[in-house]
1. What is the gain in length, in nm to one decimal, between Phe86 and Ala327 on full extension, counting 0.36 nm per residue of separation less the C-alpha to C-alpha distance?
2. What is the extension gain from Lys310 to Asn370, computed as 0.36 nm multiplied by their sequence separation minus the C-alpha to C-alpha distance, in nm to one decimal?
3. Anything over 26 Å Cα to Cα? Flag those among Lys192/Lys262; Lys51/Lys192; Lys148/Lys249, in the order listed.
4. Given the protein chains as shown and a 1.4 Å probe, how many square angstrom of Leu94 are accessible, to the nearest 10?
5. Does segment 242-371 come out rounded, prolate or oblate, given a ≥ b ≥ c as the square roots of the eigenvalues of its C-alpha gyration tensor, rounded meaning a/c under 1.5 and, failing that, prolate meaning a/b above b/c?
6. What does the charge count near Ile217 come to, summing +1 for each Lys or Arg and -1 for each Asp or Glu among other residues with Cβ under 10 Å from its Cβ?
7. From the phi of every residue in segment 330-337, what ³J(HN,Hα) in whole Hz does the Karplus formula 6.51 cos²θ - 1.76 cosθ + 1.60 yield, where θ is phi - 60° and glycine or proline is x?
8. How big is the antiparallel share of DSSP beta bridges in the chain, given as a percent to the nearest 5?
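The values are calculated or read from the model by the stated rules, or taken from the named source; none is laboratory data. All figures in this text were calculated on a predicted structure; none of them were measured in a lab. In this analysis, Cβ positions are derived from the backbone assuming ideal geometry, glycine residues included, and neighbour counts consider all displayed protein chains. Only protein heavy atoms, including side chains, enter the accessible area calculation; ligands, DNA and RNA are left aside. Shrake-Rupley method; radii C 1.70, N 1.55, O 1.52, S 1.80 Å.
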Amino acid sequence: MIKFIDFQTQYRRIKENLLPQIEIFLGSGNYIMGKQVYELEEQLSKYVGRKYCLTCASGTDALLIPLMALNIGINDAVFVPSFTFFATAESVSLVGATPVFVDVEPNSFNINPAHLEYQIEQVISENKLNPKAIIPVNLFGVIADYNKIYSIAEKYNLFVIEDAAQSFGSTLENKKSCSFGNLSATSFYPAKPFGCYGEGGAVFTDDEDLYNRMYSIRVHGQGIDRYVNERIGLNARFDTFQAIVLLEKLKIFDDEFNQRRKIANKYSTSIKTLKCPVEPYNQKISWAQYSVLADSKDYREFYLNKLKEKGVPTGIYYPIPLHLQKAYEFLGYKKGDLPISEDLADRIFSLPIHPYMNDDEINYIVEILNN
Ligand SMILES: *Cc1c(COP(=O)(O)O)cnc(C)c1O
């Protein structure tokens with residue numbers, strides 16, 4: 001049976017090393033923020049090449065904590081792509097700020113810098129909200145166009161928060177994802193490229209002052225003393241158990257990353273009937289999803305049914321762009337406002353991809369699609 005993601009095979013691979021540590025952990029009593037959490041933070045900051053890593057309870061918290069640390073809130077505008085997972089915009093709303101939706105590029109699926117600048121100018125001319133930050137998303141693992149994004153960010157004095165929930169491990173000319181934002185957020189949700197066995201996330205930065213504020217926000221805005229609260233924070237602590245799991249998974253991560261790339265490459269060279277994603281020439285990407293485009297919504301339906309009949313699981317990431325979600329109705333966007341995001345939502349779907357797929361499985365899927 002073909003799996004969309006194969007957690008079980010991966011578990012069998014790390015089980016022997018993992019289980020004795022879990023037993024010690026269960027007897028230790030240090031269930032939350034134990035020493036392995038700090039060890040993981042040290043290893044991850046080295047891995048992605050940043051001064052500070054702050055783990056936290058989810059990828060959503062990893063976006064929320066930077067926004068809180070930057071004091072972004074009511075009357076502030078934060079620019080986000082419309083074609084992404086809901087949490088990118090939700091974190092902005094949770095601090096009381098307003099997400100301003102930006103259309104994406106048809107090939108990379110990432111935020112369109114020209115439209116970003118257009119939306120910033122719109123907000124400035126309306127004179128109601130203060131532009132504060134941009135949250136580019138590295139969708140499906142492809143690193144966004146940070147050169148252009150930073151030239152815009154500098155022009156308008158905006159922070160850049162990299163949403164790297166799907167791109168842990170991706171590189172652009174040897175610079176790793178999670179090193180592109182003033183602050184960078186990733187997620188350890190199981191289905192992400194670097195997933196744990198529950199919820200988790202991390203923020204990266206080189207800024208000591210921001211790191212210290214985020215460190216405090218992670219645990220209810222605590223000061224040096226635990227029961228001295230300096231600011232409003234969260235309960236966003238990280239479980240020791242998840243850190244132990246991730247320390248073990250980090251050892252096999254590069255190998256898994258290369259396997260994913262091999263599978264994506266096989267798909268891209270053999271599928272003839274659909275528009276396949278291309279790895280940018282100067283990037284190595286994590287392939288959080290392998291997403292293809294059908295010619296129309298009806299064709300997508302046709303392919304999805306065909307794959308379902310033959311027992312191949314699929315997903316649609318994402319069927320509704322955020323500016324048309326019911327939750328954001330109050331912002332007044334309408335159909336036609338962000339045409340590329342809307343078109344992608346109608347035609348995109350994702351094929352199974354995980355490091356443990358074999359050639360037979362890939363060929364089976366390719367044949368269904370090519371016939
Ligand atoms: C998964 C995801 C998040 C949120 O991460 P959680 O760990 O599920 O809270 C944020 N942004 C993007 C782009 C994601 O894919």
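1. Details: separation 241, 0.36 × 241 = 86.76 nm, distance 0.98 nm.
Between Phe86 and Ala327, full extension yields an extra 85.8 nm.
2. Contour length minus Cα-Cα distance gives 20.2 nm.
3. Values: Lys192/Lys262 18 Å; Lys51/Lys192 23 Å; Lys148/Lys249 34 Å.
Violating the 26 Å limit, Cα to Cα: Lys148/Lys249.
4. Its accessible surface works out to 110 Å², give or take rounding.
5. Values: a/c = 2.02, a/b = 1.28, b/c = 1.58.
Verdict is oblate for segment 242-371.
6. Neighbour charge sum, excluding Ile217 itself: +1.
7. Residue by residue, segment 330-337 yields 5, 7, x, 6, 10, 4, x, 5 Hz.
8. On the way: 24 of 39 bridges.
Counting DSSP beta bridges with both partners in the chain, the antiparallel share is about 60 percent.
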